[in-house]
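Just so it is clear, none of the values below were taken in a lab; they were calculated from the coordinates. In this text, all values refer to a predicted model and were calculated from it rather than measured experimentally. Here the Cβ is made from the backbone with ideal geometry for all residues, glycine too, and neighbour counts use every protein chain on show.
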Amino acid sequence: MPAGLALVDVNGYPLAYQDVGTGTAVVLLHGSFIDYRSWAAQVPVLSKQHRVLAPSLRHYYPEPWDGQGGDFSVARHADDVATFIQRLELHRVHLIGHSRGGAVALTVARRYPQWIATLVLADPRGLESLLPDTPANREMEFQLRNNFAALQRNLAAGNVERAAREFVDALGGAGAWERRPMDQKQIFIDNLATAVDTGEFPAIACADIERFDFPVLLITGERSPRRYPAMFAAMRACRASIPAPVTIAGAAHAMHRENPVSFNAVVLEFLARVA
């Protein structure tokens, strides 16, 4: 166990998590191929005003998972997060999800709205079912499936470096992998067994979003893939009271790492405003 982590049993699994600060709980849900360490620039800042909890979801680092077991899914992770909130008696939390963690957060919000005080979605997956069936949207979905398929092919062939580079560059633009610091590259490699995830997500419907009775903050990066603004527009068409997304300047999909100062300021201002 890395220093600074605690363990709690959730649905028979020893979930590792970071827990810093006091006050109303903020729960941070990481995306694909990363873990609690992806929030390294958020935990010290947000924890000055809140109790910040950053779990590593089931089968992510620090577990040395081999990709076997069949209990790896967004739905499974959402159930784990709801149990995590209950076991730690956090009551209603500010739930922040990035990328695949956004799909987990949306699923928690749909299934367990009683645990949500606010919902922050940073380039989330899980809203694809809201997009109209157009050639452009079909192409975006095809590209995503291709990214996962290429990743799995490269890993099966033993091309770990190529697998990582092509997948990260597809999200962050050409050269995104090379620009990553070595510690961020290691985090990605530590979680490669989770490539069993095919990118399939539970469908979030307009009816689900219409039932959200808590404030919602949407965040994207200036250079994020275009599917995320498209999904935000579809989400806001379901519920007009959701404000327009905030764009983090100079950042792509990993906006919380690429421009953490702006990301943290946006989140803290939102939490202060809705408190």
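Pop the C-beta distance of LEU192 and LEU7 into the FRET formula with R0 = 35 Å and round what comes out to the nearest 0.05.
FRET efficiency, LEU192 to LEU7: 0.95.
Just to be sure I understand the rule: take each whole DSSP H helix in the chain, project its Cα atoms onto its long axis, keep it if the span is 20 Å or more and its mean Kyte-Doolittle hydropathy is at least 0.5. Which ones pass?
Helices passing the filter in the chain: 260-274.
If packing is taken as the mean number of other Cβ atoms within 10 Å per residue, what is the order of 9-18, 74-83, highest first?
74-83, 9-18
Skipping prolines and chain starts, which residues have an amide H placed within reach, meaning under 5 Å, of the one on VAL10, given they are 5 or more residues away or on another chain?
Amide H to amide H, under 5 Å and 5 or more residues apart or across chains, VAL10 pairs with LEU15.
Averaged across orientations, what area in nm² does the convex hull of the alpha carbons in the range 1-133 project?
Answer in nm², one decimal: 8.4.
Step through the residues of the range 49-57 one at a time and calculate ³J(HN,Hα) from phi using the Karplus curve (6.51 cos²θ - 1.76 cosθ + 1.60, θ = phi - 60°), rounding each to whole Hz and writing x for Gly and Pro.
Per residue, the Karplus-derived 3J(HN,Hα) values read 10, 9, 7, 10, 10, 10, x, 9, 5 Hz.
Along the principal axes of its C-alpha atoms, what lengths does the chain span, in descending order and rounded to whole Å?
Answer, in whole Å and largest first: 49, 46, 35 Å.
For a protection proxy built on the mean count of beta-carbon atoms within 10 angstrom, sort 100-113, 146-159, 225-238 highest first, please.
My ranking of the peptides, most packed first, is 100-113, 225-238, 146-159.
Running a GNM on the chain with Cα contacts under 10 Å, which residue among GLY172, GLY97, GLY250 ends up with the highest mean-square fluctuation?
With Cα springs under 10 Å in the chain, the top fluctuation among GLY172, GLY97, GLY250 is at GLY250.
Amide H neighbours of TYR61 under 5 Å, at least 5 residues apart or on other chains, H built in the peptide plane: list them.
So TYR61 has HN proximity to no qualifying residue.
Work out the charge dipole of the chain with +1 on the Cβ of Lys and Arg and -1 on the Cβ of Asp and Glu about the Cα centre, then indicate which of GLY21, ILE219, SER56 is farthest towards its positive end.
The residue sitting most towards the positive pole is ILE219.
What distance in nm lies between label points placed 7 Å from Cα along the C-beta direction at ALA233 and VAL20?
3.8
Quick one: LEU53, LEU121, LEU29, fewest Cβ neighbours within 10 Å first, how do they rank?
Fewest to most other Cβ atoms nearby, the residues stand as LEU53, LEU29, LEU121.
Pick out, from GLY172, ASN146, VAL266, the residue whose Cα sits farthest towards the positive end of the charge dipole of the chain, with +1 on the Cβ of Lys and Arg and -1 on the Cβ of Asp and Glu.
VAL266
Could you calculate the FRET efficiency of ARG138 with ALA240 from 1/(1 + (r/R0)^6), where r is the beta carbon distance between them and R0 is 25 Å, rounded to 0.05?
It comes to 0.40.
Let me have the relative contact order for the range 124-263, percent, based on Cα pairs under 8 Å that are six or more residues apart.
Contact order relative to length: 27 percent.
Express the relative contact order of the chain as a whole percentage, based on alpha carbon pairs under 8 Å and six or more residues apart in sequence.
19
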